[in-house]
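Let me begin by presenting the structure, written as structure tokens, before commenting on it.
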């Protein structure tokens, strides 16, 4: 499977907006599911375990002056980490959208500096190779837990909970989307910003 993609300087703002839509859709999919700890426990259960461990560490400190403080620090770190996760998950979508906009701006910085670009894509053996003078992209697998198709870009996420894509493929043909589905990848298609994000949604940003 082969196809050609061109990204001109005047197209960058619209492309960046589409990438934002993809990352917003991923964020919406992540927060729609209950947060779970590394041990696959629901977030409230994991936090309760951390609190219990912290109380035990405090009780242990007088008799174990070295082990007690170490355990206290560990459980405090775990509690703080979960607090950050839950605060972000409960963040209003409009605020999350603004944060996503900043993340995408950093993510696309290298691409923006390389404009205009012309890429000849070649898909074979589960890998997509993009041949072009700028930017250099090696053949990489399309393996992903989730793919978000936003008009003219496919954002591939390694894991269902990944906040940012590990790879983006531009102007993909329908056959590539079918290939992703055939490989068991969850595919989400969006043609606009998910409801509630970055209201009002900024217009195509263009170059800064």
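Taken along the Cα-to-beta-carbon direction at a fixed 7 Å, the label points for residue 11 and residue 81 span 4.2 nm. Between residue 143 and residue 122, the simple label model (points 7 Å from Cα in the Cβ direction) yields a spacing of 2.2 nm.
Label separation (residue 106 vs residue 186): 2.5 nm, computed from points 7 Å beyond Cα along the C-beta direction. Between residue 49 and residue 4, the C-beta separation translates, for a Förster distance of 45 Å, into a calculated FRET efficiency of about 0.25.
Taken together, the values in this text are just the output of simple stated rules run on the coordinates, not laboratory data. Just so it is clear, the model here is predicted, and its values are computed rather than measured. Note that each Cβ is placed from the backbone with ideal geometry, even for glycine, and that neighbours are counted across all protein chains shown.
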